[in-house]
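The values are calculated or read from the model by the stated rules, or taken from the named source; none is laboratory data. What you are looking at is a predicted structure, and each value in this text was computed from that prediction instead of being measured. Using ideal geometry, Cβ is built from the backbone for each residue, glycine included, and neighbour counts are taken over all protein chains shown. The protein model used for the area step is the full one, side chains on, heavy atoms only, and it has no ligands, DNA or RNA in it. Shrake-Rupley method; radii C 1.70, N 1.55, O 1.52, S 1.80 Å.
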Amino acid sequence: MKPVGFALLPGPGELWVRRGIVSYIGLLVLVPFSVLVFVAFQDGLGAFWERITSDVALSAVGLTLWTGLLVGVLNAFFGTLTAWVLFRYPLPLKPLVSAVVDLPLSIPTLVAGVMLSILYGPASLLGQKFSALGIDIIFAKPGIILALLLVTLPFVVRAVEPVLEEVDPAEEEAAVVLGASPWRAFRTVYFPAIYPAVISGSLRSLGRAMGEFGSIVIVAGNIPQETLTAPVYIFGEIESGHPATAASVGSLLLFIALALHGIARIAEKRVGGRHAQA
Amino acid sequence: MHKLEALPALRPSASVRPLKDDKLRAPSPLTRIVLSGLVLGYLGLVLLGPLSALLVEIAEIGFGVALSKLVDTTALLALKNSILLLLITMVVNGVVGALGGIVLVRHRFPGRALVSALCDLPLAVSPVMIGLSFLLLIGKGGVLSPLLEAINIKLVFTFWGLVLGTLFVTLPYSIREVSYVLEELGTDEEEAATTLGASPWQTFWKVTLPNIRIALGYGVLMAMARSLGEFGAVLVLGGSISGQTQTATTFIHDSIEERNLDAAYGMSLLLAVFSSGLLFILERLKKRQAKTQKRAHGPSKQTA
């Protein structure tokens, strides 16, 4: 038997390895999701429509969509800015700051939720100051947005950073020599190079935000039609024994996620690469 | 000569700014301070503030007190489950990452694009939906449940449910990392080795595997970090039965529900420290990979 991947024309041993890999991925991913979609449409399109258009389901999906979009946009701005500052300016403790940006990749999202509720919770110093101003953060929408921003923090930064490093500094020098202001130099030299990465990173944060569960459960309070997001709604429906409703809303989210994923892949192909993963 | 001098464009004019060397790399200090301040403020608000709040809170309780809450049967069993899942993730994703990456990049077969897309899917959907999908497949009243009951296998709400959920959510990491490296490398080195008379296995051990080693390690560590932090899928599939299918993350969740905050913070601290350790190794690997890539690509760029 020849080792896998040795030749482009695989031998019989390699064929078995390929079959094993393909069936592992198929069984693990394709089969369960097919069942999800099957259960969602089992009772017909009408039943599916009814389940996803109930007041609670609609407001949960709506909340998940708009918070996700907002977080995507905020990430596009702050992520690009962070990448730029890390790339260009001398910062005190720069390696530390750069490592901190990656922290949400490895920290459990549930722990992220715990952190936020300690800092901004109703019992905390900051939380009390804000509630004196009439703003609730934890168990309210700002908490959801903060949690989503925390867990998606690295996506745009890590997508943009390598692209910035690949831009030839001579191009910027040329722009400045020709009299361009720093802002104009950024806009005309760096921005065209990084914008596919910004879009792909921000779509990925939108995708991640739409699926986020661990941190939201802790910070949102999960009040129906107020702070109940779609994943938490799905979880509630599973717990209360309505698998068909859960599957319907789940399928709806799955379709949205697939569409987003497709767009992100196209954007990534244009940057020619990697770096933008959850 | 005098004709040239008469050309207005060649004369230094007021509209062309005198060029200073430092102007090229250093922007005005004001921009720098404002932008850096904005970024640091944002990081503080979203990440550093909450992180320090957790540390301060635990320091107030006492690190020893918070951690001592974990020396109890339920907490230890939850930790045992998490560590077992971590090890299973490491082994399975190590093998699947190396073989899957090679198959997806170097083999040509019908459906390759679909398999590759499927492999990315776990990154794009909610872990709760992953749990739900398995529940509908193998749970009570699920599509496969008559079959599973007939052969007397119980998966959901057992440790094996946790394993399934964890393997699903961690599937993409190592395969993707290995694929990227293989795509960049091509097969030149393998072809050279073969031409020089190496056997297929020699080529695999001495050329292919060393080339993907760092990427594989990176992907597997990402998968391990994810398995440790996974919550939604293991909650749905395991049910978080205390002492049986509770993991470190579901233990935190249940402790908060029971108002046992000391234990929740202790476990959070433990997970945060452990995942920071993983992250530290990840950063080191990333630097090493960048270095080897530079070595591999640097000279070829110059000759091209």
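Among the residues that make up the range B:100-115, is at least one of them more than 7 Å from every other protein chain (Cβ to nearest Cβ), crowded, with 24+ Cβ neighbours inside 10 Å and either closer than 18 Å to A:GLY20 by Cβ or at pLDDT 95 or above (or both)? Yes; the residues of the range B:100-115 include at least one that is more than 7 Å from every other protein chain (Cβ to nearest Cβ), crowded, with 24+ Cβ neighbours inside 10 Å and either closer than 18 Å to A:GLY20 by Cβ or at pLDDT 95 or above (or both).
For the range A:242-251: of the residues being facing another protein chain (nearest Cβ under 10 Å) and surrounded by fewer than 24 Cβ atoms within 10 Å (Cβ to Cβ), which is nearest to the chain's Cα centre (by Cα)? Don't jump to the end; show me each part of the working.
Filtering the range A:242-251 for residues facing another protein chain (nearest Cβ under 10 Å) gives A:243-244, A:246-247, A:249-251.
Pick out the ones that are also surrounded by fewer than 24 Cβ atoms within 10 Å (Cβ to Cβ) and you get A:243-244, A:251.
Values: A:PRO243: 26, A:ALA244: 26, A:SER251: 18 Å.
So the residue we want is A:SER251.
Here A:SER59 clears all of (1) under 24 Å from A:VAL219 (Cα atoms); (2) more than 10 Å from chain B (Cβ to nearest Cβ); (3) surrounded by fewer than 17 Cβ atoms within 10 Å (Cβ to Cβ) except the condition numbered (3). Considering (1) away from chain B (no Cβ under 11 Å); (2) within 30 Å of A:ILE118 (Cβ to Cβ), the lone condition that A:VAL167 does not fulfil carries the number (2). Tell me, which residue of the range B:40-70 that is hydroxyl-bearing (Ser, Thr, Tyr) and at pLDDT 90 or above is most open to solvent (accessible area, probe 1.4 Å)? Across the range B:40-70, the extreme among qualifying residues is B:SER52. Inside the range B:121-156, residues that are within 11 Å of another protein chain (Cβ to nearest Cβ), of a type outside the set (A, V, I, L, M, F, W, C) and in contact with a Leu (Cβ under 9 Å, 6 or more places away or on another chain) make up a count of 7.
Quick one: which of A:LEU116, A:LEU86, A:LEU103 is within 29 Å of B:ALA233 (Cα to Cα) and touching a residue at least 60 places away in the same chain (Cβ under 8 Å)? Spell out how you get there, then give the answer.
Details: A:LEU86 fails: within 29 Å of B:ALA233 (Cα to Cα); A:LEU103 fails: touching a residue at least 60 places away in the same chain (Cβ under 8 Å).
Exactly one of A:LEU116, A:LEU86, A:LEU103 is within 29 Å of B:ALA233 (Cα to Cα) and touching a residue at least 60 places away in the same chain (Cβ under 8 Å), namely A:LEU116.
The residues listed here are A:GLY143, A:GLY179; of these, the one that is more than 24 Å from B:MET222 (Cα to Cα), within 12 Å of another protein chain (Cβ to nearest Cβ) and crowded, with 24+ Cβ neighbours inside 10 Å is A:GLY143.
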